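Step one of this worksheet: look at the structure below.
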């Protein structure tokens, strides 16, 4: 019964983490915290793979300990040291992730990550002290947490990244149809595309949780409509993706503002800053990868 309870807890933890991971890719109203939280959780899940070898060694020790006890053979209790090393290793990883989050995502999220781990650390200390005095006769479930959670999360990321990224990209593209129709209606009525669509209220929404809005910019006799697509960490690590619509297929998405100001137009055409471009599923849409 005890292992069933731990199996349920592992399943609940996996479900919660996966939901946080995929949240930015789901249909819904824009949530500014969705992508930062997903990024931190994905980073935690990826880095926690470093704990799997320690969990595997601990599990081997637990199985051998149980076999010795079944045969009434003496043995040395080392479970406390496995637990201690696991807690120290996890703390070091959390500190590194918090620093990355602090400088790369947001100060408040980095601090919250540390505070959360401090709470978990305090909750685990009594059990660690108890293990120093005596070890339970049954197999300690901690190694299963160290092994199963990181490995299953890795498999989930690898399996979900391509279909969810494609789904959210295509969903946002589909929700741009009304926006494009109204832009074309303006051109029919006025004889030219709008010079700017900067306004307080956006009115047209991608309807994906991790995509804030569509951006519009004139481009010669045409225009570019674009948005930034959320991505999984393990899917082209460090890549930023921008999805662009241009009715004349003259897409322009520039890496640096200074290039627009300082480079001549003919050079700007071939020096946009992206390292790869792909055709999207819908006509006149392409997506560009920046490192």
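The values are calculated or read from the model by the stated rules, or taken from the named source; none is laboratory data. Not measured: the values here are computed from a predicted model. Glycine also receives a Cβ, built like all others from the backbone with ideal geometry; neighbour counts cover every protein chain displayed.
Among the residues in the stretch 43-64, are any outside any helix (DSSP H, G or I) and either modelled with pLDDT of 90 or more or in contact with a strand residue (DSSP E or B) (Cβ under 8 Å, 6 or more places away or on another chain) (or both)? No, the stretch 43-64 contains no residue that is outside any helix (DSSP H, G or I) and either modelled with pLDDT of 90 or more or in contact with a strand residue (DSSP E or B) (Cβ under 8 Å, 6 or more places away or on another chain) (or both).
Scanning the stretch 105-144 for residues that are assigned to a helix (DSSP H, G or I) and under 21 Å from the mean Cα position of the chain (by Cα) yields 107, 108, 109, 110, 111, 112, 113, 114, 115, 116, 117. Counting only strands (runs of 3 or more DSSP E) that sit wholly inside the stretch 211-291, those with at least 2 residues that are without any contact (Cβ under 8 Å) to a residue 12 or more places away in the chain are 276-279. With respect to the stated conditions, residue 80 fails to be without any contact (Cβ under 8 Å) to a residue 24 or more places away in the chain and either exposed (fewer than 13 other Cβ atoms within 10 Å of the Cβ) or assigned by TED's automatic domain parsing to the domain that holds residue 45 (or both). Selection of first residues in the stretch 183-207 that are outside the structural domain of residue 28 (by TED's automatic domain parsing) and of second residues that are loosely packed, with under 10 Cβ neighbours inside 10 Å, restricted to Cβ pairs under 8 Å at least 6 apart or on distinct chains, gives the following pairs, ordered by first then second residue: 205/29; 207/29.
When you scan the stretch 121-130, do you find a residue that is closer than 17 Å to residue 44 by Cα and surrounded by 13 or more Cβ atoms within 10 Å (Cβ to Cβ), even just one? Yes, some residue in the stretch 121-130 is closer than 17 Å to residue 44 by Cα and surrounded by 13 or more Cβ atoms within 10 Å (Cβ to Cβ). Answer yes if at least one residue in the stretch 188-206 is modelled with pLDDT of 95 or more, buried (at least 20 other Cβ atoms within 10 Å of the Cβ) and outside any loop (DSSP other than H, G, I, E, B), and no otherwise. Checking the stretch 188-206: not a single residue is modelled with pLDDT of 95 or more, buried (at least 20 other Cβ atoms within 10 Å of the Cβ) and outside any loop (DSSP other than H, G, I, E, B).
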